[in-house]
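Undergrad: Quick one: structure below, then a few questions.
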Amino acid sequence: LKELKTENDLLRQSLNLSLGNDFQLKIADIIGKDIVDDSLMINKGKKDGLKNDMAVISGKNLVGRVTNVSSNFSQVMLVLHPKFTTLAKSSDSQAAGVARGEGSFILLDAVAITDNLSKDAIITTKGDMLQEGLGIPQDLTIGKIVSLNKVSSAPFQTAKVESFLSFPRLETVFVVTNNF
């Protein structure tokens, strides 16, 4: 009963997403966690229509992207992984940059020095779709800015971003699939 309540709560949060008619959500259980390697294993794979580069979410929050798909299982690279990148923006000022995993946090990088970033601003995805329609849709929450690094003589500024998710506690996620 507790599992059904948790799944129901996640479904309600995800129904509030405005991903448009081009996307569907597939629920998946986390069956393995490698927090050291910043990855998860989920119980969905090729037979369920999953492909590499599909976004993985929990509620409105970006968890990561599918990176390795077998028939019945898939590996998910977390947003914290050092090889993870996606286009991002500040929800208040629309300042754009690249969100990069740094192990224990996310770095918002390559933001023009003239753009306005502020502490506690929410960082969302800008949209990072491949030609095949796979990738990360826009307006998913990445996290909140906890500190800024702005040097007036540099062309770019950076910000340290922390996710709202507790990755070790995740049990269920949604994979964003396309309708094409």
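Undergrad: Just the accessible area for Glu102, please: 1.4 Å probe, Å², rounded to the nearest 10?
TA: Per-residue accessible area (Glu102): approximately 90 Å².
Undergrad: I'd like the FRET efficiency for Gln24 and Ser166, computed as 1/(1 + (r/R0)^6) with the beta carbon distance as r and R0 of 22 Å, rounded to 0.05.
TA: For Gln24 and Ser166, the calculated efficiency is 0.25.
Undergrad: Oh, and also: From the Cα gyration tensor of the range 92-180, with a ≥ b ≥ c the square roots of its eigenvalues, which class applies: rounded if a/c is under 1.5, or else prolate if a/b is larger than b/c, or else oblate?
TA: Taking the square roots of the gyration eigenvalues as a ≥ b ≥ c, the range 92-180 is oblate.
Undergrad: Could you list log10 I(q)/I(0) for the range 45-88 at q = 0.16, 0.27 Å⁻¹, which the Debye formula gives when each Cα is one point scatterer?
TA: -0.41, -0.96
Undergrad: Turning to a different aspect of this structure: Write down the Kirkwood hydrodynamic radius of the range 119-168, to one decimal in angstroms, obtained as one divided by the mean of 1/r over all alpha carbon pairs.
TA: Radius from the Kirkwood sum: 12.7 Å.
Undergrad: For the range 98-180, run through the trypsin sites (Lys or Arg not before Pro) and keep only the ones in DSSP coil with at most 12 other Cβ atoms within 10 Å of their Cβ.
TA: Those that pass, being in a loop and sparsely packed, are Lys119.
Undergrad: Of all the accessible heavy-atom surface of the chain, with the other protein chains kept in place and a 1.4 Å probe, what percent is carbon and sulfur?
TA: Accessible surface attributable to carbon and sulfur in the chain totals 48 percent.
Undergrad: Full extension from Ser71 to Val151: what is 0.36 nm times the residue separation minus their Cα-Cα distance, to one decimal in nm?
TA: Taking 0.36 nm per residue and subtracting the Cα distance, the gain is 23.9 nm.
The values are calculated or read from the model by the stated rules, or taken from the named source; none is laboratory data. The shown structure was predicted, so the numbers you read here are calculated from the model rather than taken from an experiment. Using ideal geometry, Cβ is built from the backbone for each residue, glycine included, and neighbour counts are taken over all protein chains shown. Accessible surface areas use protein heavy atoms only, side chains included; no ligands, DNA or RNA. Shrake-Rupley method; radii C 1.70, N 1.55, O 1.52, S 1.80 Å.
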